[in-house]
Amino acid sequence: MPTRSEQLFTEARQHLVGGVNSAVRAFRSVGGTPVFFRRGEGAWLEDVDGRRYVDYVLSYGPLAVGHAHPEVVRAIQETAALGTSFGAPSELENVLARSVKGLMPSIERIRMVNSGTEACMSAVRLARGYTGRDRILKFQGNYHGHVDALLVQAGSGVLTLGIPGSPGVPAAVTETTVTAPYNDLEAVREVFREYGDELAAVLVEPVSGNMNCIPPVPGFLEGLRELCDASGALLVFDEVMTGFRVSLGGAQERFGVRPDLTCLGKVIGGGLPVGALGGRAEVMDHLAPTGPVYQAGTLSGNPLAMASGIATLDVLGREGAHAAAEAATRELVEGLRARAEAAGIPLSTHQAGTMFGLFFTETDPVTGFDDVAAADAERFRHFFHGMLEAGVYLAPSAFEAGFVSTAHDRVALDHTLEAAERVFAGLPR
Ligand SMILES: *Cc1c(COP(=O)(O)O)cnc(C)c1O
C-alpha cells in the first residue's frame, strides 16, 4: 500500500511541475518521495500519515519561534479579520520597521517587499543606481534568490566571469557579475585590483547558509568592508537567512561589521511572505519615490504579513529567548558530533547562532564550497533517510543548513540525539 504522502505526490505531479512549488522540496538529491505535512506545532511536524518529526527545516528558516506559535497565530487571525491588504499605508509597517531598526542599527531606512529574492533584486538595482556602476561581486556557493544577475554558477579559478547558471538567463545579464571563492580575501583583492572602480556592490551571505552552514573566517568580512570603503562599492549583507538567527541583530551584530545595505527575509515574516531591504538613509533614499531607482509592490508591507513578523520578532526578542535557542543548537551540534565520533563516523560541524551545518567529511573546519562538494553525499543520503524514519526531519540536501527554534526543548533534543545514535551506528562503512 502506498503511503498517503506517496498518493498525494503522484497526484501533485499531474498538477505541479515536478510535484512541488519550490525545486528544493523534490527530494532529488536524496531519492524517495517528499513527505506531505498536515500540521506543525512548536518543534514538531505531523505528516499526512500521522507520523511525527522533530523539524530542523522550519520552512527553510522563517519559523524562529516554532510552528503555530500561539501569539503569532493570534496576531495573524486578529489582523486578517480587519482586512488582509489595503495597497495603502498602515500602522503595522511602522511597527515592524521600528522593531528591525532597533535590532540592526545599520538600517536607517527600510523598504518591505515580499521575498528574499525581491530584496536582493532591489539591492542590486539600488546599488547600481546609487553608484552609477554596473559590476557586482558575489561568492561561489552563495545564494541570493533566483535573481537573473545573481544566478551565476561559479566555475573553477579565482576570477570566474559571469556564466549564467540557468537556461533562460542571457549572458548579457550576467556578464557584469564577477564571482570569487567564499572566505578567500586574496581572491577578492584580485577582483578589486582588476575591477575596483567598476564595482557597484559586493553581495555576501555573512554566514553562508546555502552551501550548508559555513561561517566567515576571521578577517573576511572586515576585509570586504575595507575594500569597499577604498573603492566606493557598497557592501551588501544578504541576511535573508542569518538575520535574527546568527544573533538577534544578525551576522552584522555578531561580527561587528556594518554593511551599507542589508537584505532580509525568512524570519522577518515569521512564516508569511516578507522580505526587506534596509540600510543607510542616504543610499536608501535613492529608491522611488524619494529617488529615481524604481521599486514597488502590490502586496508589500501588507498588514497580515507585518503582523506575523512583528509577533515573531516580539517573541524572539524576549529576555533569554534567542539565547536559549542558541544554547539548544549548541547542545544539538555537540551531541551529534560526540555520537558520530563514538560510532567512528567522520563528521565536521558548524554552528552560528540558531543555524547549524553537518558535513560527512574529514575536513574540519569546512571553509568553502569545494569542501562541501567533496563531502560524502552517499553517507548523507543514508543519514537523511535514517533520521526521517526515526522521526527527525532534516532538509533533503547536503547543501542546506539546519535550523533550531525557541520551541526545541529537552524532549525534542533527546528524541533527535537518541535517533542519531542509532542511525550513525547503522550507517554503511
Ligand atoms: C532564502 C534566501 C534567499 C531567497 O529568499 P526567498 O524568500 O526564497 O526568495 C536569498 N538569500 C538568502 C541568503 C537566502 O537564504
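Every read-out reported here was derived from the displayed coordinates using simple, explicitly stated rules and does not represent laboratory data. The structure displayed is predicted, hence computed values, not measured ones. Note: ideal-geometry Cβ built from the backbone for every residue, glycine included; neighbour counts use all protein chains shown.
General observations
- DSSP beta bridges in region 201-357 [antiparallel fraction, %, rounded to 5]: 45
- Alpha-carbon centroid distance for the pair region 291-356 / region 46-83, whole angstrom: 14
- Electrostatic tally near Ser405: other residues with Cβ closer than 15 Å to its Cβ, Lys and Arg +1, Asp and Glu -1, net -2.
- The C-alpha atoms of region 70-316 occupy a region whose extents along the principal axes are 55, 35, 35 Å, arranged from largest to smallest.
- Maximal additional length on extending the Arg38-Arg4 stretch stands at 11.1 nm, based on 0.36 nm per residue less the C-alpha distance.
- Charge tally for Gly317 (other residues, Cβ to Cβ under 15 Å; Lys, Arg +1; Asp, Glu -1): -1.
- Here the simple spin-label model places points 7 Å from the Cα toward Cβ, and for Glu334 and Val17 these points are separated by 4.5 nm.
- Max mean-square fluctuation residue, GNM over the chain, Cα-Cα springs under 10 Å, options Leu347, Leu82, Leu92: Leu82
- Gaussian network model of the chain, springs between alpha carbon atoms under 10 Å - residue of Ser300, Ser90, Ser405 with greatest fluctuation: Ser90
- Top of Pro206, Pro218, Pro259 by mean-square fluctuation, Gaussian network on the chain, Cα under 10 Å: Pro218
- Total charge dipole magnitude, the chain, about the Cα centre, Cβ charges on Lys, Arg, Asp, Glu only, Debye to nearest 20: 660
- Hypothetical label at Glu186: residues of region 362-395 whose amide nitrogen lies under 19 Å (7 Å Cα-Cβ projection): 365-371
- Note on Ser166 and Arg28: their simple-model spin labels are 1.1 nm apart, each label 7 Å out from Cα toward Cβ.
- Estimated FRET transfer efficiency (Arg52, Glu222; beta-carbon r; R0 60 Å; 0.05): 0.85
- Listed residues Asn210, Phe255, Gly265: farthest to the positive end of the dipole of region 70-316 (Cβ charges): Gly265
- Summing +1 for each Lys or Arg and -1 for each Asp or Glu among the other residues whose beta-carbon sits under 11 angstrom from that of Arg51 gives -1.
- Charge dipole (region 74-146, unit charges on Cβ, about Cα centre) - positive-most of Val113, Val124, Ser99: Val124
- When both bridge partners sit in the chain, DSSP labels roughly 60% of those beta bridges antiparallel.
- Cα gyration tensor shape for the chain, rounded if a/c is under 1.5, else prolate or oblate: oblate
- Peptides 221-233, 6-18, 110-122, 353-365 ordered by average Cβ neighbours within 10 Å, highest first: 110-122, 353-365, 221-233, 6-18
- Extension gain for Ala81-Ala296 works out to 74.8 nm (0.36 nm per residue, less the C-alpha to C-alpha distance).
- In region 304-424, the C-alpha radius of gyration followed by the widest Cα-Cα span (Dmax) gives 15.5, 49 angstrom.
- For the pair Thr363 and Arg429, a Förster radius of 22 Å applied to the C-beta separation gives a FRET efficiency near 0.70, rounded to the nearest 0.05.
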